[in-house]
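Novice: Below are the structure tokens for one structure; questions will follow.
Please treat every number below as a calculation from the coordinates, not as lab data. Remember, it's a predicted structure, so these values are computed and weren't measured experimentally. Backbone-built Cβ (ideal geometry, glycine too); neighbour counts: all protein chains shown.
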Amino acid sequence: MYDLVIKSGTIVDGTRFPRYRADIAIRNGVIEKIGDIDAALGRETIDATGLIVAPGHIDPHTHYDAQIHWDPYCSNSGENGVTTVVTGNCGFGFAPCRPSDRERYMLMMENTEQVPLPRMKMALPWTWETFPEWLAHLKSLPKGVNLMMYVPVNPLTVYVMGIDAAKTRRPTQAEIDRMKRLIVEGMQAGACGIALSFLGTANTHTDFDGSPMPADMMHRDDVIALASALREVEAGTIQLLSQFAGQDDKELAVDMHTASGRPVILNIVLSLYGQPRAYADQLDWLVEQNTLGHRVYGQTLAQRSWTEFDLTEFNLNDNVPEWREISQLKSLDDKIAKLKDSAFRDRLRTNYDPKLMAGSGPVDLQTLIHAGSVARLEPYIGRTVGDIAKAWDADPIDVFFDISVETGGAATFRTPVFVGGDTDEAAEIVAAPYIVAGMSDGGAHTRFYIGGHWATELLTTLGRDKGVSLEDLHYRFAWQTARVMGLSERGALLPGYAADIIVYDFDKLDVSADRYTVRYDQPGNDWRRYIETAGYRWIVVNGQITFVDKQSTGALPGRLLGNAPKTRGQALAAE
């Protein structure tokens, strides 16, 4: 008997092989046979007649480090066909960590990825100190998706140097050597590589006190030295954010690849509102570097992206000093006082550059979507700040702040679709040979953004609306990423491969919403934003069905995956 038989589906296997109709038999979490299989041989059977059967999506850029503690399916990724998530991105994480630094790490995560501190205090048990202990802890958690974990450089440097030293001086050679040993130790325990951001003071991700994160301020030579640790284990991938908000150090990716001999995923390649084909030079550069033998890949966030925020929560413009002044104030009263300050407004207007508004886009393009309980503002709901400014004969910045002040900070604004709005450009980026698709940022920014549905949306906007072949899209969403991340025997529907599978109705896939809903399903009944999707009939992780028509089955077959030589593509311990 097989554990599961998927009957009569149209198989798009992820390798770019032409689709075909066949059955799939699964035993012990692995695809054992593809062909003509008697349904009676399955303990459980899925009738996939008229449906697409494809490999589960792999998302290489998430921040579910905290959320996995209270949400084993990593919503909204798990219900959108993502069967493997990669965490520890951008150099943020919770290990290694001395007991005295636990609160400090959570404050870092709150300000950089907007994971509220109360949620983390309620959910994180802090039973670890070293990175191998952290991986053992993650392995023990019930999971509805597979999980991979980078060694994040920020906690690594803080653990070795202390927080003050990590931000004020270069590490000594002894400290560099120790960090490299800890990276090797982490890889041997099952980490998937190292991750960091390197943006100096231009990063929108700042520490809770407004200062840059340690990795952002490192010397290039020290970053390259850390990368060289991966050469010792001959495994791992590097995630590097060094292109954003006007900063562009692509050559660091080449230097890190040269030092490590490992692939580098370079963030970030975007289709941006009002900047036609701004990514073109990046795509050309990636081709040039790979022609030279440098395994550097660009990562894209290609789905439609916007934020819905009020000024009391939002801090994704923290790369701009004046906007950082607002977000660093902790009380609502202090924020409102700052918004009223005419001298502050004058200074902000003088230095205002819409191109640097990385998180929100230009002020005049924000749309008022909620005005609290202020009846006078109701007629302006649905209008942009720029339109309201014309009606009031006022500066858009004054309008933006005046509305926030009048509503006591309750006014909510929606940005335009400032990333991924042009589907022709999105299709060009996703089709480029050295692009890694999948960047939900899942687990982060949940008060004003959600992105785990990225593959669902691209299957509709690119696959159905633009005619991009499903063969190409599923290759991008699974197997190519698996190969870059060092995962063997995952990411494709082939005999001997892990049974991470999605079964969906292509005609009924839907991400048509242009507004977020709100769900109160976080620790302490806290809230997050969410977007509704449809079309997935069954989602299978390691051979077990985790979702049927968007409803969780309660199955928790997810595993912690690594790609060090002895654990590449496998669970860290035998099942």
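Novice: Once each part is reduced to its C-alpha centroid, what is the distance from segment 205-233 to segment 134-160 in angstrom?
Specialist: The distance from the Cα centre of segment 205-233 to that of segment 134-160 comes to 17 Å.
Novice: Give the lysines reachable from K7 as a straight Cα distance under 18 Å; neighbours fewer than 8 places away on the same chain don't count.
Specialist: Hits, sequence-local ones excluded: K33.
Novice: Still on this structure: So what is the relative contact order for segment 284-362, in percent, with contacts set as C-alpha pairs under 8 Å and at least six apart?
Specialist: Across segment 284-362, relative contact order equals 27 percent.
Novice: On to the next question. Nothing charged except the Cβ atoms of Lys and Arg (+1) and of Asp and Glu (-1): what's the magnitude of the dipole of segment 309-414 about its Cα centre? Round to the nearest 20 debye.
Specialist: Its charge dipole is roughly 120 debye.
Novice: To test your reading of the geometry: what angle, between 0 and 90 degrees and rounded to tens, separates the Cα axis of helix 131-140 from the longest principal axis of the chain?
Specialist: Approximately 60 degrees, to the nearest 10.
Novice: Starting from 0.36 nm per residue, how many nanometres of slack lie between L332 and T201 once their C-alpha separation is accounted for?
Specialist: 44.6 nm
Novice: Considering the alpha-carbon set of the chain alone, what are its Rg and its Dmax in angstrom?
Specialist: Final numbers for Rg and Dmax: 23.4, 76 Å.
Novice: Between D249 and D281, what FRET efficiency comes out of the Förster formula 1/(1 + (r/R0)^6) with R0 = 22 Å and r the beta carbon distance, rounded to 0.05?
Specialist: Calculated transfer efficiency: 0.95.
Novice: Stretch L494-N290 to full length: gain in nm at 0.36 nm per residue minus the Cα-Cα span?
Specialist: 70.7 nm
Novice: Under 8 Å for C-alpha pairs, at least 6 residues apart: give me the relative contact order for segment 309-414, rounded to a whole percent.
Specialist: This gives 32 percent for segment 309-414.
Novice: May I ask for the distance between the Cα centers of segment 238-308 and segment 505-556, given as a whole number of Å?
Specialist: One Cα centre to the other: 30 Å.
Novice: Checking a compactness column here: for segment 8-114, what do you get for Rg(Cα) / (2.2 N^0.38 Å), N being the number of residues?
Specialist: Cα-based Rg divided by the globular estimate yields 1.52.
Novice: So what is the relative contact order of the chain, in percent, for Cα pairs below 8 Å that sit 6 or more residues apart?
Specialist: Relative contact order here is 21 percent.
Novice: Hey, how much of the P(r) for segment 309-414 falls beyond 22 Å, as a percent of Cα pairs?
Specialist: 22
Novice: Counting only helical runs of four or more DSSP H residues, what would the 222 nm mean residue ellipticity of the chain come to if each run contributes -39,500 (n - 2.57) and the total is spread over all its residues?
Specialist: It comes out at -8000 deg cm²/dmol, rounded to the nearest 500.
Novice: Efficiency by 1/(1 + (r/R0)^6): what FRET value for S373 and A431, r their Cβ-Cβ distance, R0 = 35 Å, to the nearest 0.05?
Specialist: Calculated value: 0.15.
Novice: Could you sort 409-421, 348-360, 369-381 so that the peptide with the highest average Cβ count within 10 Å comes first and the rest follow in order?
Specialist: The densest-packed peptide leads the list: 409-421, 348-360, 369-381.
Novice: Here is a follow-up. Just to confirm my numbers, what's the Cα centroid distance between segment 375-429 and segment 22-76 in Å?
Specialist: Segment 375-429 and segment 22-76 have Cα centres spaced 41 Å from each other.
Novice: Holding the Cα-Cα limit at 31 Å, pick out from K139/K466; K250/K338; K143/K466; K250/K355; K355/K390; K143/K508 the pairs that are longer than that.
Specialist: Flagged as over cut-off: K139/K466; K250/K338; K143/K466.
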